[in-house]
Amino acid sequence: MASRSLLPLLLGTLGALCYHKAYGISVKTDNQHVTAKEFQEAMLSCKYSAGKGIIPRVEWKKLTTRDVSFVYYKGDLVGDLKGRAEMIDSSIRIRNVTRKDSARYRCEVSAPTARGQNLAETIITLTVLVASAAPSCEVPSSAMSGTVVQLSCKENEGSPASEYKWYRNGVALLENTGTGSAKIGNISYTMNKKTGTLLFNTVSKKDTGEYYCEASNGIGLPQKCSVKRMQVDDLNISGIIAAVVVVALVMALCGLGVFYAHKKGYFSKESSSQKKSSDYKYTPSEKDFKHTKSFVI
């Protein structure tokens, strides 16, 4: 009785398997994560199997965060890959990859069947490796001892992102694991190899030297910026005191001058002359009166 109930189930399963072999489509790739150095070759693999009598349609699309675009459509390479790629069966070989080719690519294989449109797909991620470029460094030319000083280093071309290392007088500055800070003699600093910053919380005169930064991401040779000198000087206390004394003497001399002028009566003479000029009243002469009278007539 149990064998009779299992018989229809086995027949149905066998029928489904036969149908997949006759009408089904399956797609696979040899490598879902492809990496290639810039200006070299990359292969995007796509292989499919289809049932007997099925003529499938193959399409490739480029998937970015902004949009989806065709790169292989109706039997032709289009878009970014046109002229620098070729089809090998259903796979794409890019002869000269650039950093703009880094994206996800979807291989779609479809065909009409008795049960409607049958579609299978696979996605391949292409990562183009770009060597680090020469970084841009910012190093202050001078600083006062005891102050906070930060040196920065950055480049934006490398893929993957670069890591940074600082040098002082040709010697690499060390970085402690975890804390990212190190102390060599009397030099205390914090170095971040991810962001490229070198921070002196309390810079001293012994930190004076020639600094440069090196950027590297494992692709190609490390790149460095030009050497820049940072001069650290102690605060000139004696100079500040001398300046204060000079300013105080100048102010004292000015005060004595004003006092002396006031004592001699220079300011009172000037005010009395101004008062005399203000007390003078104009009285028209008879000649002026005649002239005015004739004008009115």
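Would you pick out the residues in segment 62-77 that are under 17 Å from Arg93 (Cβ atoms) and under 32 Å from the mean Cα position of the chain (by Cα)? So that I can check it myself, show each step before the final result.
If we filter segment 62-77 for residues that are under 17 Å from Arg93 (Cβ atoms), which is where we start, we get 62, 71-72, 75-77.
Selection gives Lys62, Val71.
Residues in segment 123-179 that are under 30 Å from Arg104 (Cβ atoms), in a strand (DSSP E or B) and of a type in the set (A, V, I, L, M): Ile123, Ile124, Leu126, Val128, Leu129, Val130.
Table: residues versus (1) small (Gly, Ala, Ser); (2) surrounded by fewer than 20 Cβ atoms within 10 Å (Cβ to Cβ); (3) closer than 14 Å to Cys225 by Cβ.
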position	(1), (2), (3)
Ala131	yes, yes, no
Ser136	yes, yes, yes
Gly146	yes, yes, no
Ser159	yes, yes, no
Ser162	yes, no, yes
Tyr167	no, yes, yes
Leu174	no, yes, no
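Of the numbered criteria (1) of a type in the set (Asp, Glu); (2) at pLDDT 90 or above; (3) in a helix (DSSP H, G or I), the one Glu108 fails is (3). Picking from residues in segment 41-67 that are closer than 19 Å to Arg99 by Cα and at pLDDT below 95, the one that is surrounded by the most Cβ atoms within 10 Å (Cβ to Cβ) is Thr64.
Of these, Tyr105, Tyr73, which one is in contact with a helix residue (DSSP H, G or I) (Cβ under 9 Å, 6 or more places away or on another chain) and either open to solvent by less than 10 Å² (accessible area, probe 1.4 Å) or hydroxyl-bearing (Ser, Thr, Tyr) (or both)?
Details: Tyr105 fails: in contact with a helix residue (DSSP H, G or I) (Cβ under 9 Å, 6 or more places away or on another chain).
Result: Tyr73 is the single residue among Tyr105, Tyr73 that is in contact with a helix residue (DSSP H, G or I) (Cβ under 9 Å, 6 or more places away or on another chain) and either open to solvent by less than 10 Å² (accessible area, probe 1.4 Å) or hydroxyl-bearing (Ser, Thr, Tyr) (or both).
Would you call Leu17 over 25 Å from Leu119 (Cβ atoms), among the aliphatic types (A, V, I, L, M) and either in a strand (DSSP E or B) or at pLDDT below 90 (or both)? Criteria not met by Leu17. Restricting attention to segment 89-102, and to residues there that are within 18 Å of Lys61 (Cβ to Cβ) and not in a loop (DSSP other than H, G, I, E, B), which single residue is most open to solvent (accessible area, probe 1.4 Å)? For segment 89-102, the residue satisfying everything is Lys100. Restricting the first member to segment 60-85 and to residues that are under 13 Å from Arg106 (Cβ atoms), and the second to residues that are loosely packed, with under 14 Cβ neighbours inside 10 Å and aliphatic (A, V, I, L, M), the beta-carbon pairs closer than 6 Å and six or more apart or on different chains are Lys61/Val68; Phe70/Val78.
Pairs under 6 Å by beta carbon, first residue among the small types (Gly, Ala, Ser) in segment 193-222, partner assigned to a strand (DSSP E or B) and open to solvent by 20 Å² or more (accessible area, probe 1.4 Å), six or more apart or different chains? Taking only residues 6 or more apart or on different chains, the pairs are Gly196/Lys154; Gly209/Arg168; Ala215/Gln223.
Here Pro112 clears all of (1) touching a residue at least 24 places away in the same chain (Cβ under 8 Å); (2) closer than 15 Å to Glu59 by Cβ except the condition numbered (1).
Restrict the check to segment 108-121 and report whether at least one residue is under 30 Å from the mean Cα position of the chain (by Cα), open to solvent by less than 50 Å² (accessible area, probe 1.4 Å) and not aromatic (Phe, Trp, Tyr).
Start the filter on segment 108-121 by keeping residues that are under 30 Å from the mean Cα position of the chain (by Cα), which leaves none.
Looking for residues that are under 30 Å from the mean Cα position of the chain (by Cα), open to solvent by less than 50 Å² (accessible area, probe 1.4 Å) and not aromatic (Phe, Trp, Tyr), one finds none in segment 108-121, hence no.
Residues are listed down the side, and each one gets a yes or a no for (1) touching a strand residue (DSSP E or B) at 6+ places or on another chain (Cβ under 8 Å); (2) in a loop (DSSP other than H, G, I, E, B):
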position: Leu198; (1), (2): yes, no
position: Val203; (1), (2): yes, yes
position: Glu210; (1), (2): yes, no
position: Glu214; (1), (2): yes, no
position: Gly218; (1), (2): no, yes
position: Leu221; (1), (2): no, yes
position: Ser226; (1), (2): yes, yes
position: Gln231; (1), (2): yes, no
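Each residue in segment 30-54 was checked for being touching a strand residue (DSSP E or B) at 6+ places or on another chain (Cβ under 8 Å), closer than 15 Å to Ile94 by Cβ and polar (S, T, N, Q), and 3 pass. In segment 21-40, the residue that is most open to solvent (accessible area, probe 1.4 Å) out of those that are part of a strand (DSSP E or B) and aliphatic (A, V, I, L, M) is Val27. If the condition is being out of contact with any Lys or Arg (no Cβ under 9 Å at 6 or more places or on another chain) and open to solvent by 70 Å² or more (accessible area, probe 1.4 Å), then segment 201-223 contributes Asn201, Thr202, Lys205, Lys206, Leu221.
Select, from Arg66, Arg57, Arg84, the only residue that is of a type outside the set (A, V, I, L, M, F, W, C) and touching a strand residue (DSSP E or B) at 6+ places or on another chain (Cβ under 6 Å). Even if it seems obvious, please write down each step before you answer.
Working: Arg66 fails: touching a strand residue (DSSP E or B) at 6+ places or on another chain (Cβ under 6 Å); Arg84 fails: touching a strand residue (DSSP E or B) at 6+ places or on another chain (Cβ under 6 Å).
Of the residues listed, the single one that is of a type outside the set (A, V, I, L, M, F, W, C) and touching a strand residue (DSSP E or B) at 6+ places or on another chain (Cβ under 6 Å) is Arg57.
The values are calculated or read from the model by the stated rules, or taken from the named source; none is laboratory data. A quick note: this is a predicted structure, and the numbers were derived from the prediction, not measured. Heads up, the Cβs are rebuilt from the backbone with ideal geometry, glycines too, and the neighbour counts pull from every protein chain shown. The protein model used for the area step is the full one, side chains on, heavy atoms only, and it has no ligands, DNA or RNA in it. Shrake-Rupley method; radii C 1.70, N 1.55, O 1.52, S 1.80 Å.
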